[in-house]
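Enquirer: Please find one structure pasted underneath; my questions will follow.
Just so it is clear, none of the values below were taken in a lab; they were calculated from the coordinates. Just so it is clear, the model here is predicted, and its values are computed rather than measured. Cβ: placed from backbone, ideal geometry, glycine included. Neighbour counts: every protein chain shown.
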Amino acid sequence: MPPTLKTTLTFSEKKALDPQQLLRLFQQAPWAKGRTLDEAREMLRHTDLALCAWDGEQLVGFGRVLTDFVYRATIWDVIVDQAYQKQGIGRALLTECESRLTTPRVRLCVRTDNGGAIRLYEQVGYERIDVWRGYYKDKADAIIMEKARNHGGTSQLHGG
Ligand SMILES: CC(C)(COP(=O)(O)OP(=O)(O)OC[C@H]1O[C@@H](n2cnc3c(N)ncnc32)[C@H](O)[C@@H]1OP(=O)(O)O)[C@@H](O)C(=O)NCCC(=O)NCCS
């Protein structure tokens, strides 16, 4: 861990993030490697919540949420710079995303072979609710996970 990390690490919501910084992170994940600058810029423009973790000026973590702020919320693209992993940043990004949500539950999906991420999600309260066979480009399966947030009416918890 860089010696200054604990004092300089900050989290912010930033849709106007420089997409070049995001691509540097995306290069590190097989599922995001092929993404282009234009795609990342456009994706950020249409994303409801974009959460960033910074070490000073350097983007070291990212996660985003697509939501209607009433019924539905899904977290996507959680990623932490390899040099900064296993220091609690992924967990903190999830907390930052969830703290801005007003829906009674939140969902995300993860590859069945991504043991580290599955462990993280289970640790912070996500439960497996389904498996989508062949969901990813390379036909790998996705585990769909959900977390109830003790927020809002219970009728929404059982909607379609
Ligand atoms: C998954 C990822 C975001 C985790 O970020 P992180 O900052 O390293 O995670 P944290 O330090 O907050 O870890 C919290 C918990 O998750 C689990 N965990 C995280 N990474 C793990 C790994 N590689 N192996 C096993 N468990 C892991 C641990 O239980 C850990 O708790 P502990 O430290 O008390 O044991 C990060 O590994 C990453 O960016 N991976 C590549 C991108 C990716 O696959 N994202 C998920 C898309 S669905």
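Enquirer: Amide H of ALA73 versus every other amide H placed in the peptide plane: which residues, excluding those fewer than 5 positions away on the same chain, fall under 5 Å?
Expert: Those qualifying (amide H under 5 Å, at least 5 residues apart or on another chain) are ARG107.
Enquirer: In addition: Which of the listed residues, ILE118, LEU17, ILE129, is farthest toward the dipole's positive end in the chain, when Lys, Arg count +1 and Asp, Glu count -1 at the beta-carbon?
Expert: The Cα lying farthest towards the positive end belongs to ILE129.
Enquirer: Any lysines with Cα under 23 Å of the LYS86 Cα? List them, leaving off those in the same chain fewer than 8 positions away.
Expert: Within the straight-line limit of under 23 Å, LYS86 reaches these lysines: LYS6, LYS33, LYS147.
Enquirer: Here's a follow-up. Magnitude of the Cβ-charge dipole of the chain, K/R +1 and D/E -1, about the Cα centre, nearest 20 debye?
Expert: The calculated dipole for the chain is roughly 180 debye.
Enquirer: Let me ask another. Give me the net charge for the shell around ARG128: Cβ to Cβ below 10 angstrom, other residues only, Lys and Arg +1, Asp and Glu -1.
Expert: -4
Enquirer: How big is the chain on each of its three principal axes, counting only the C-alpha atoms and giving the largest first in Å?
Expert: So the extents along the principal axes, rounded to whole Å, are 46, 35, 30.
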